[in-house]
Amino acid sequence: MMAETKESQLLEESLFIWKTGDVYTNPTEVKMSQLILPCHANHRGELSTGQLLKWMDTTACLSAERHANCPCVTVSVDDIDFEHTLSIGQVVNIKAKVNRAFNTSLEVGIAITCEDPSSGMQWKVCNAFATFVAKGKGVGKVQLKPMVPGTSEEQMEHSIAAERRRMRLRHLETIKALVSSSTIQNEPNSEEYQSAVPAGKTRVESIELVLPPHANHQGNTFGGQIMAWMESVAAISASRFCKGHPVLKTIDMFHFRGPSNVGDRISLKAIVNNAFKTSFEVGVCAEAYHQEVWDRKTHINSAFLTFVMLGKDGELSTLPCIKPEPGDGERRYREASARKKIRLDRKFELIQKVDEDDVIYHVIGPTHSKGSNFQDFVLLASRRVPCADGDPYLIALRSVSLPAAPPTEDLVRSEVLCAGFTLWEEEDAQTRITYYIQATPGILPYITCNITGLSADLCKIIEACHKFLEQNKDMTNVAL
Ligand code: COA
Ligand code: ADP
């Protein structure tokens, strides 16, 4: 628990960059503390995720409006990993502040910690980033004034926010490209198919009427309310699949494509898209039927939630297979596999932009070592553009230590000694890419996992190198 407290403080400091007292307080900082009561909890006495999403959205929206000086609406909430559940009697603390204003949108950083008032202990629950668009009354989107960072840490967060925005705007494109290029390996065999749960049994359809308490003073439905309804429908679908009450682990990015208003009917549909060994994905779609034009609907949001089922001993339960419905169900089954692979293989977070060409990433990936499922790296990635014609483009990687990203108990901290790519332009439409790594045998499984998503041929070569190094363990540093 002590380790968690320290970690939460460090993460909080890196996200919430202000100096207290008479020196500097960020003017957009908003704090919310809520005592978790039975009305906020599920049957297990744990805070409902939907309620947490509503509180996060409210806090972040107030922070956005402090900067914008006009009403703001939620456009997106980045992927969220829930590290802990919260229980009745505990206090949830939410802090939000604007990291950067772009043209009409701004990014708000949100940090959630949990506090046990009886022991005084605090620990991190999750961090999130939400984007809001400023929408003045009847005037559409509003051009925002720039956000001026007040400290060097805020300056850093300000730079990184631009990178996150770039990734957000390319999110759909990236997912589509990766889905079409990835090799899916978890097709069930015929025996597993026999005992599979038909996906149709997990289908949920529900409807909600948007009332004034669900909306802001301009009548726009709160993003947090829509997310809460989506989470609740997804949880029903998930419990139908496991015949129990699973735990929500991650939510992929929420993107609010269109607005809804008081008086709209929100149609919510959810189904289990795919089940893996111990986790499964539920997809949920929200559409708005607008007042007086009931035959016209707008697609508001689609989200993908990953659940796990815990046994009595708290261990992850092994799940049955799912039998997708023909057509869209089969497509979603494959897409869910690809999303899972992307989540695990490409799970990285930009934690510091040193300058234009040097950035530090925190990368989490699966491990083949016994005792833990995941390992992590803190990597400095440097790029060098060619100085002259004929020179290669260089990308170098190496592990670094960063106080803001200390090792944690649940991940095996691993190291890349020195690695990189050279990219040589050979002909107009041909580039030669060479990959170098100074590695110990322990690093090879990571590379193999990483390469698998790119090319099956490359993967075979790396697997052969891996085997060679395993057989020659005495050679500690080998350049491939
Ligand atoms: N993530 C983050 N920001 C995004 C985004 C995404 N997925 N998609 C668009 N944006 C940003 C754009 O970068 C742009 O910001 P900028 O002006 O600072 O560059 C801004 O949103 C507007 O984007 P644009 O492409 O001009 O969109 P639009 O005018 O067609 O519509 C909204 C944008 C937000 C007005 C529209 O999608 C909407 O009304 N969504 C629903 C919002 C809402 O009501 N939410 C509450 C719950 S329903
Ligand atoms: P996609 O089909 O590309 O996943 P959608 O926005 O159509 O995107 O739907 C998002 C998710 O919502 C789907 O993956 C599915 O899990 C769920 N969903 C969509 N339509 C239905 C439906 N008619 N019944 C149950 N669940 C649905």
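The values are calculated or read from the model by the stated rules, or taken from the named source; none is laboratory data. Bear in mind that the values here come from a model prediction, so they are computed numbers and not experimental data. Methodologically, a virtual Cβ is constructed for each residue, glycine included, from the backbone with ideal geometry; neighbour enumeration extends over all protein chains shown. The area values use the complete protein model at the heavy-atom level, side chains included, leaving out ligands, DNA and RNA. Shrake-Rupley method; radii C 1.70, N 1.55, O 1.52, S 1.80 Å.
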Once amide hydrogens are built 1.01 Å from N within the peptide plane, the residues lying 5 or more places from SER260 or on another chain with amide H under 5 Å from its amide H are THR221
Between LYS243 and VAL293, how many nm apart are label points set 7 Å from Cα along the C-beta direction?
4.7
Taking a ≥ b ≥ c as the square roots of the eigenvalues of the Cα gyration tensor, with a/c under 1.5 meaning rounded and otherwise prolate when a/b exceeds b/c and oblate if not, segment 136-180 is oblate
Among 167-173, 305-311, 280-286, how do they line up by average Cβ neighbours within 10 Å per residue, starting with the highest?
280-286, 305-311, 167-173
Using square roots of five times the C-alpha gyration tensor eigenvalues, list the equivalent-ellipsoid semi-axes of segment 58-194 in whole Å, biggest first.
32, 26, 15
Taking a threshold of 27 Å on the Cα-Cα distance, which of the pairs LYS137/LYS249; LYS97/LYS277; LYS31/LYS249; LYS145/LYS297; LYS95/LYS135 fall above it?
LYS137/LYS249; LYS97/LYS277; LYS145/LYS297
Take each of the peptides 106-113, 25-32, 66-73, 291-298, average the number of other beta-carbon atoms within 10 Å over its residues, and list them starting from the highest.
106-113, 66-73, 25-32, 291-298
Would you please name the trypsin sites (Lys or Arg not before Pro) within segment 197-247 that are DSSP coil residues with at most 11 other C-beta atoms within 10 Å of their C-beta?
LYS243
Return the FRET efficiency for the residue pair SER33, GLN430: r is the Cβ-Cβ distance, R0 is 60 Å, and the value is rounded to the nearest 0.05.
0.55
How do 87-100, 250-263, 49-62 rank on mean C-beta neighbours within 10 Å, highest first?
49-62, 87-100, 250-263
Using a 1.4 angstrom probe, figure out how much accessible area segment 12-169 has per residue, in square angstrom, rounded to the nearest whole.
43
What FRET efficiency would be calculated for the residue pair ARG257, LEU350, taking the C-beta separation as r and a Förster radius of 30 Å, to the nearest 0.05?
0.70
Under 14 Å, Cβ to Cβ, from THR422 - net charge with Lys/Arg +1 and Asp/Glu -1:
0
Hey, quick one: spin label on LYS137, modelled 7 Å out along Cα-Cβ, who in segment 253-285 has an amide N within reach, i.e. under 20 Å?
260-263
How much FRET efficiency would the formula 1/(1 + (r/R0)^6) give for ARG331 and ARG44, where r is the Cβ-Cβ distance and R0 is 41 Å, rounded to 0.05?
0.75
Probe 1.4 Å, protein heavy atoms only - accessible area per residue of segment 233-325 in square angstrom:
43
Other residues with Cβ under 15 Å from the Cβ of SER399 give, with Lys and Arg +1 and Asp and Glu -1, a net charge of -1
